[in-house]
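Okay, so here's the structure we're looking at.
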Amino acid sequence: MLVSTEYVDLPLPGNPMRTFVGAPKAEGQFPGIWCYSDIFQLTSPMIRFCVRLAGYGFVAAAPEIYRRIEPPGTTIPFDDSGRTRGLENAQKTPVAHFDADCRSGLDWLAKHPKISAGKIGAMGFCIGGHLAFRAALQPDVRATACWYGTGIHNGKLGQDADAGSLARASEIRGELLMIFGTEDPHIPSDAREIVDRALKASGVRYEMRLFPAEHAFGRDLGPRFDPEATDQAFAATVSLFRRTFSS
């Protein structure tokens, strides 16, 4: 499926929320997916992922998660100073700000002319995996894929030592796909077990998929990229969204 791309500035207090949007060129309406990046914002790997997702029949919209801190259009480099900068930006951001921006983004998606009414999902990588989990708490999000979401097991997110995300899992109305690498030092086996136990206890519909890969294995740039694991995780993500939105 051919794809069109654009950047849209969502008008919000302070800086606008610049958002990359990939959408099928075909006529008609499609499910909308709110896509969260890792700490480096809208880098080339993130853009390529969104374009690929759009090619499977979804409107993929990815916001700049640090729009309150960084000027619009800021991409953080993949190096040590960039990693420090991205982490510091996260530590400056209260979860309430992340949640408010999420709600604004979902409201914008719901009005997009290419998006089918009531067909909204979310996904994200690393910190974005946790932000996607938070998005799943919103009542209109019907399916969410969290790729190696950091801090879900202990609640650490942004400025908050414990955002209580996992404790609120019973509020999730949609279905979850939890994707992890078994060689991920940021989310070791005991952390994954905490997530699994809590989700089972919550009664939420979910699937956990494990891959013999490292953290950020889906970023197609750098030594941790695992093409096979990425393709399998991507297929599982597309399957979740297609199954959910086929009705």
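The values are calculated or read from the model by the stated rules, or taken from the named source; none is laboratory data. The model shown is predicted, which means the values in this text are computed figures rather than measured ones. Cβ atoms come from the backbone with ideal geometry, glycine included; neighbour counts cover every protein chain shown.
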Matching residues in region 215-232 - criterion: being surrounded by fewer than 19 Cβ atoms within 10 Å (Cβ to Cβ) and among the charged types (D, E, K, R): Asp220, Arg224, Glu228, Asp231
For region 169-201, give me each residue that is more than 20 Å from Ser37 (Cα to Cα), touching a residue at least 12 places away in the same chain (Cβ under 8 Å) and part of a loop (DSSP other than H, G, I, E, B). Ile172, Arg173, Gly174, Thr182, Glu183
Exactly one condition in (1) polar (S, T, N, Q); (2) under 18 Å from Asn89 (Cβ atoms); (3) out of contact with any Gly (no Cβ under 6 Å at 6 or more places or on another chain) is false for Ser37; which is it? (3)
Taking Ser37, is it among the hydroxyl-bearing types (Ser, Thr, Tyr) and either crowded, with 22+ Cβ neighbours inside 10 Å or without any contact (Cβ under 8 Å) to a residue 12 or more places away in the chain (or both)? yes
Give just the number: which of (1) under 14 Å from the mean Cα position of the chain (by Cα); (2) crowded, with 22+ Cβ neighbours inside 10 Å does Pro45 not satisfy? (2)
Considering every residue within region 68-77, establish whether at least one is in contact (Cβ under 8 Å) with a residue 12 or more places away in the chain, aliphatic (A, V, I, L, M), within 30 Å of Asp226 (Cα to Cα) and in contact with a helix residue (DSSP H, G or I) (Cβ under 8 Å, 6 or more places away or on another chain). yes
Would it be correct to say that Trp147 is surrounded by fewer than 24 Cβ atoms within 10 Å (Cβ to Cβ), aromatic (Phe, Trp, Tyr) and under 27 Å from Ser44 (Cα atoms)? no
Quick test for you: out of Thr182, Thr237, pick the one residue that is within 25 Å of Phe49 (Cα to Cα), surrounded by 15 or more Cβ atoms within 10 Å (Cβ to Cβ) and modelled with pLDDT of 95 or more. Thr237
Looking only at region 202-240, count how many residues are among the aromatic types (Phe, Trp, Tyr), out of contact with any strand residue (DSSP E or B) (no Cβ under 8 Å at 6 or more places or on another chain) and outside any loop (DSSP other than H, G, I, E, B). 1
